[in-house]
Amino acid sequence: MFQKITLLLLLLAIFSCKKTETAEKGKIKAADWLIGNWENKNPDGVLTENWEKINDSTFNAVSYFIKGKDTVHFENISLVQKGETLTYFATVKGQNNDKPVAFPSVLETEKQLVFENIKHDYPQKIMYTKGANNTLTAEISGKLEGKMTTERFIMVKK
């Protein structure tokens with residue numbers, strides 16, 4: 001009898017862990033549509049974001065803006081799910097001592113991801129919205145020099 005109860009408890013523990021693990025990875029799975037190479041061409045230059053899946057809990061990206069022959073902006077991005085928390089980490093060369101800034105998610109759906117860090121100087125909010133025809137809109141917003149500012153970039157998947 002003792003062996004049966006022990007076996008039953010062990011099986012119950014194994015299956016409950018599997019279910020929790022699947023639920024935990026669900027938030028980053030909702031962001032699968034980010035994976036790939038994205039580009040926004042405009043008269044000022046070319047913005048590129050290249051996203052790749054590292055594992056079941058981490059996506060990495062590089063984002064850069066090229067104007068003419070100059071790279072005027074470069075950042076490394078990690079999207080990481082730890083437990084129930086999905087966090088966007090941005091590391092911008094030459095800012096914040098080259099250390100990542102964390103933006104925890106406030107919304108994650110099959111078509112939209114929203115991250116906020118109200119303590120960051122700018123931006124305080126980062127939003128990705130999946131569009132039609134292999135497009136996405138990346139938007140950053142917040143107070144910049146005392147004024148609410150929003151920058152939108154519509155990117156096409158390459």
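Restricting to the range 100-120, and then to whatever is among the polar types (S, T, N, Q) and surrounded by 17 or more Cβ atoms within 10 Å (Cβ to Cβ), can you tell me which residue is nearest to THR137 (Cα to Cα)? Give the derivation first.
Initial filter on the range 100-120 (among the polar types (S, T, N, Q)): 105, 109, 112, 117.
Cutting the leftovers down to surrounded by 17 or more Cβ atoms within 10 Å (Cβ to Cβ) gives us 105, 117.
On the way: SER105: 17, ASN117: 19 Å.
Among those residues, the one meeting the criterion is SER105.
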Qualifying residue in the range 48-57 (condition: in a strand (DSSP E or B), hydrophobic (A, V, I, L, M, F, W, C) and modelled with pLDDT of 95 or more): yes
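Just wondering, is there one or more residues in the range 74-89 that are of a type in the set (Asp, Glu), within 17 Å of ILE126 (Cβ to Cβ) and modelled with pLDDT under 95?
Our first condition is that a residue be of a type in the set (Asp, Glu); within the range 74-89, this holds for 75, 84.
With the extra rule that they be within 17 Å of ILE126 (Cβ to Cβ), the set shrinks to 75.
Now restrict to residues that are modelled with pLDDT under 95: none.
The answer is no; no qualifying residue exists.
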Criterion (in a strand (DSSP E or B) and either out of contact with any Lys or Arg (no Cβ under 8 Å at 6 or more places or on another chain) or free of Cβ contacts under 8 Å to residues at least 12 places away in the same chain (or both)) met by exactly one of SER63, SER105: SER63
Residue count, the range 123-158 (criterion: closer than 18 Å to SER78 by Cα and part of a loop (DSSP other than H, G, I, E, B)): 2
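The values are calculated or read from the model by the stated rules, or taken from the named source; none is laboratory data. Here the structure is a predicted model, which means the values were calculated and not measured. Every residue, glycine as well, gets a Cβ built from its backbone with ideal geometry; the counts of neighbours run over all protein chains shown.
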